[in-house]
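Below is one structure, written out as structure tokens; comments come after it.
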Amino acid sequence: MTSSTISRPRPDESIAYYHHYIDQVAGEDITAQLSAQLREVERLFEPMTDRAALGRYAEGKWSIKEVIGHLIDAERIFGYRLLRIARGDETPLAGFDENAYVPEGHFDERPLTMLLAEFRTVRQSTSALIEGLPAQAWERRGIANGQAISTRALAYIMVGHVTHHLSVLRERYGLR
């Protein structure tokens, strides 16, 4: 098993698009950050009603529930990529279009408590996967969405992606 400290990925371990997410990760204790983010998400949405979670900051933008649904979908996809690459699977992995996924998720029709429970379950699964990876798995690279990426970069991207969206929720949706 690996320790929870996973060194920061080098720039060549992902395309530049993902560096924004990786740069948002403070420190190298990924498992602690995965757990801390879960608690942060739960605290942020604990006082929110289902009606309030339908809010959008502008016409045509995702609702708060849709943002949560997107976080769930993205975590699953990044986690699947991480699993395949960590296990040495060299099969190129397809990309996904989050703007096509969100409407198909019908997240606004689901109770906020159900979405939060699903996020918790997916995040706990991610944490268990990451905690159980052997040291050599972190160096592995694969192809996702036509681009080279490492297992380590995917772990950082998952944390940074949630950090990014929590910032958007605070800045544009006014959540505190």
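The values are calculated or read from the model by the stated rules, or taken from the named source; none is laboratory data. All figures in this text were calculated on a predicted structure; none of them were measured in a lab. Here the Cβ positions follow ideal geometry from the backbone for every residue, glycine too, while neighbour counts run over all protein chains shown.
Which of the residues that make up region 123-132 are surrounded by fewer than 18 Cβ atoms within 10 Å (Cβ to Cβ) and either outside any helix (DSSP H, G or I) or of a type in the set (Val, Ile, Thr) (or both)?
Within region 123-132, 132 is the sole residue that qualifies.
Say whether the condition of being touching a strand residue (DSSP E or B) at 6+ places or on another chain (Cβ under 7 Å) and among the β-branched types (Val, Ile, Thr) is met by at least one residue in region 85-96.
yes
What pairs come up if the first residue lies in region 64-79 and is within 16 Å of residue 125 (Cβ to Cβ), the second is of a type in the set (Phe, Trp, Tyr), and their beta carbons are under 6 Å apart, counting only those six or more places apart or on different chains?
Taking only residues 6 or more apart or on different chains, the pairs are 72/119; 73/101; 77/96.
If you take the residues in region 82-112 that are assigned to a helix (DSSP H, G or I) and acidic (Asp, Glu), which one is nearest to residue 136 (Cα to Cα)?
Ranking the candidates gives 98 first.
Does residue 40 satisfy the criteria of being crowded, with 17+ Cβ neighbours inside 10 Å, touching a residue at least 12 places away in the same chain (Cβ under 8 Å) and among the acidic types (Asp, Glu)? Steps first, answer last, please.
Numbers: crowded, with 17+ Cβ neighbours inside 10 Å: no; touching a residue at least 12 places away in the same chain (Cβ under 8 Å): yes; among the acidic types (Asp, Glu): yes.
Spelling it out, it is not the case that residue 40 is crowded, with 17+ Cβ neighbours inside 10 Å, touching a residue at least 12 places away in the same chain (Cβ under 8 Å) and among the acidic types (Asp, Glu).
Which one of 79, 69 is more than 19 Å from residue 168 (Cα to Cα), in a helix (DSSP H, G or I) and within 15 Å of the chain's Cα centre (by Cα)?
Values: 69 fails: more than 19 Å from residue 168 (Cα to Cα).
Result of the check over 79, 69: 79.
Specify which of the listed residues (141, 120) is more than 25 Å from residue 50 (Cβ to Cβ), basic (Lys, Arg), in contact (Cβ under 8 Å) with a residue 12 or more places away in the chain and surrounded by 13 or more Cβ atoms within 10 Å (Cβ to Cβ).
On the way: 120 fails: more than 25 Å from residue 50 (Cβ to Cβ).
Only one candidate passes the filter, namely 141.
Listed residues 58, 26, 53; which is assigned to a loop (DSSP other than H, G, I, E, B) and closer than 25 Å to residue 101 by Cβ? Can you show your working first?
Numbers: 26 fails: closer than 25 Å to residue 101 by Cβ; 53 fails: assigned to a loop (DSSP other than H, G, I, E, B).
Within the list 58, 26, 53, the selection yields 58.
Please name all residue pairs, on different chains or six or more residues apart, with Cβ atoms under 8 Å, provided the first residue is in region 92-111 and is under 24 Å from residue 147 (Cβ atoms) and the second residue is part of a loop (DSSP other than H, G, I, E, B) and modelled with pLDDT of 95 or more.
Between residues of region 92-111 that are under 24 Å from residue 147 (Cβ atoms) and residues that are part of a loop (DSSP other than H, G, I, E, B) and modelled with pLDDT of 95 or more, the close pairs are 92/146; 93/145; 94/145; 95/145; 95/146; 96/145; 102/62.
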